[in-house]
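Please read the structure below before turning to the comments.
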Amino acid sequence: DVPALKKADIGIAMGIRGTEAAREASDVILKDDSFGAIELAIRQGRVVFHNIRQFVLYLLSCNLAEILAVAAAALGNLPAPLLPLQILFLNLVTDVFPALALGLGRGPGDIMDRAPGNPKDPILKKADWVRILLYGLAISISVLGAVLYGKYGLELPAGRINNLAFYTLVGAQLFHVFNLTDGGTSFFRNEITSNPYVWGAILVSVGLTAAASLRPPVAAVLQLEAIQWGFLGIALLFSLGSVMLVQLFKGIPVILSSMFNSN
């Protein structure tokens, strides 16, 4: 058994009935001698790796959106969509809680039906970096759309345009968590919408944002004005627009593939 255990990708020995030599040569020792533990360990390992990837995808795409929105507004001589303390608030509230909730997910239902991954592959592949770029671009477009509408459509002062962009980005980042589903799954029924921690994280983030806006000392620090429902409605529409853009980006490869296959 010893040569076979050493040659195997992952040598597994029984901890109770296995010999001492087999245990020393193995990579994994089953303490309860139950082969069902192997399946459980593989499932948990795949779920952990999947959740780490979702966690990183979410954080990087949200932070990239903030960078793109601020840079584009500066280059276009537009009012600042975000102020330094507002960025810090977003990173502490609307980024952290949803990302942590993604890390607590149970993983896709078909995770054990998938082919084994290459252990040498990085956490983020080239396709994942493309997704991050497209996600960040979609969110930043929605924020810049809110800025342009506030300036040219509503003719708001710079302070109110900033508030509109801030609330738009809050909503876009919270909605963005639902964009991180695997291809082929329903947008409304998947491992993210069934994750109770995601809904709890959204409620916490919305509550903290509302509390910051309604508490005069905190609102003054963040330079947030009094909330108006119509104002929030506009921000909500632009936030939902980012989700629609992401779904459009996801659908482009499928449409192109069907066009080439039909030809």
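Can you give me the ranges of the helices (runs of 4 or more DSSP H) entirely in the range 175-263 with at least 3 residues that are modelled with pLDDT under 90, hydrophobic (A, V, I, L, M, F, W, C) and closer than 25 Å to Ala127 by Cβ?
On the way: elements: 196-214, 216-222, 229-262.
Passing ranges, in order: 229-262.
Within the bounds of the range 84-101, is there any residue that is more than 26 Å from Asn163 (Cα to Cα), of a type in the set (A, V, I, L, M, F, W, C) and in contact with a His (Cβ under 8 Å, 6 or more places away or on another chain)?
Checking the range 84-101: not a single residue is more than 26 Å from Asn163 (Cα to Cα), of a type in the set (A, V, I, L, M, F, W, C) and in contact with a His (Cβ under 8 Å, 6 or more places away or on another chain).
Do we have Ala37 as touching a strand residue (DSSP E or B) at 6+ places or on another chain (Cβ under 6 Å) and either in a helix (DSSP H, G or I) or not hydroxyl-bearing (Ser, Thr, Tyr) (or both) here?
yes
Considering only the range 184-204, state which residues are touching a helix residue (DSSP H, G or I) at 6+ places or on another chain (Cβ under 7 Å) and closer than 19 Å to Val56 by Cβ.
Across the range 184-204, the qualifying residues are Ile192, Asn195, Tyr197, Val198, Ala201.
Which one of these does Ala80 not meet: (1) open to solvent by 10 Å² or more (accessible area, probe 1.4 Å); (2) more than 20 Å from the chain's Cα centre (by Cα); (3) under 25 Å from Gln247 (Cβ atoms)?
It fails just one condition, (3).
Ala41 fails exactly one of the following numbered conditions: (1) open to solvent by less than 50 Å² (accessible area, probe 1.4 Å); (2) without any contact (Cβ under 8 Å) to a residue 24 or more places away in the chain; (3) of a type in the set (A, V, I, L, M, F, W, C); (4) closer than 18 Å to Asp113 by Cβ. What is the number of that condition?
Result: Ala41 fails condition (1) only.
Those residues that are open to solvent by 10 Å² or more (accessible area, probe 1.4 Å) and part of a helix (DSSP H, G or I), I need them from the range 136-161; list them, please.
Of the range 136-161, the ones open to solvent by 10 Å² or more (accessible area, probe 1.4 Å) are 137, 141, 144-145, 148-149, 151-160.
Within the range 136-161, Leu137, Ile141, Leu144, Gly145, Leu148, Tyr149, Lys151, Tyr152, Gly153, Ala158, Gly159, Arg160 qualify.
Checking Gly117 against (1) open to solvent by 60 Å² or more (accessible area, probe 1.4 Å); (2) in contact with a Phe, Trp or Tyr (Cβ under 8 Å, 6 or more places away or on another chain); (3) assigned to a helix (DSSP H, G or I), which single condition isn't satisfied?
Tallying (1) open to solvent by 60 Å² or more (accessible area, probe 1.4 Å); (2) in contact with a Phe, Trp or Tyr (Cβ under 8 Å, 6 or more places away or on another chain); (3) assigned to a helix (DSSP H, G or I), Gly117 fails exactly one: (3).
Test Val48 against the stated conditions and say whether it is at pLDDT 90 or above and loosely packed, with under 14 Cβ neighbours inside 10 Å. Reasoning before the result, please.
Numbers: at pLDDT 90 or above: yes; loosely packed, with under 14 Cβ neighbours inside 10 Å: yes.
Yes.
Ile111 - would you say it is open to solvent by less than 80 Å² (accessible area, probe 1.4 Å), β-branched (Val, Ile, Thr), farther than 21 Å from Val246 by Cβ and at pLDDT 90 or above? Give the steps one after another, and end with the answer.
Values: open to solvent by less than 80 Å² (accessible area, probe 1.4 Å): yes; β-branched (Val, Ile, Thr): yes; farther than 21 Å from Val246 by Cβ: yes; at pLDDT 90 or above: no.
No; evaluated as a whole, the condition is false for this residue.
I need the full set of residues from the range 51-77 which are open to solvent by less than 60 Å² (accessible area, probe 1.4 Å) and either touching a strand residue (DSSP E or B) at 6+ places or on another chain (Cβ under 9 Å) or of a type in the set (Val, Ile, Thr) (or both), in order please.
Listed by number, the residues that qualify are Val56, Val70.
Any residue in the range 14-27 that is under 10 Å from Val2 (Cα atoms) sitting within a Cβ distance under 6 Å of a residue that is among the small types (Gly, Ala, Ser) and not in a loop (DSSP other than H, G, I, E, B)? List the pairs, counting only those 6 or more apart or interchain.
From residues that are under 10 Å from Val2 (Cα atoms), the pairs are Ala22/Ala13; Arg23/Ala13; Ser26/Ala13.
The values are calculated or read from the model by the stated rules, or taken from the named source; none is laboratory data. As the structure is a prediction and not an experimental result, all values here were calculated from the model. A quick note on method: Cβ atoms are made from the backbone with ideal geometry, for glycine too, and the neighbour counts reach across all protein chains shown. Areas reflect the complete protein model, heavy atoms only, side chains present, ligands, DNA and RNA absent. Shrake-Rupley method; radii C 1.70, N 1.55, O 1.52, S 1.80 Å.
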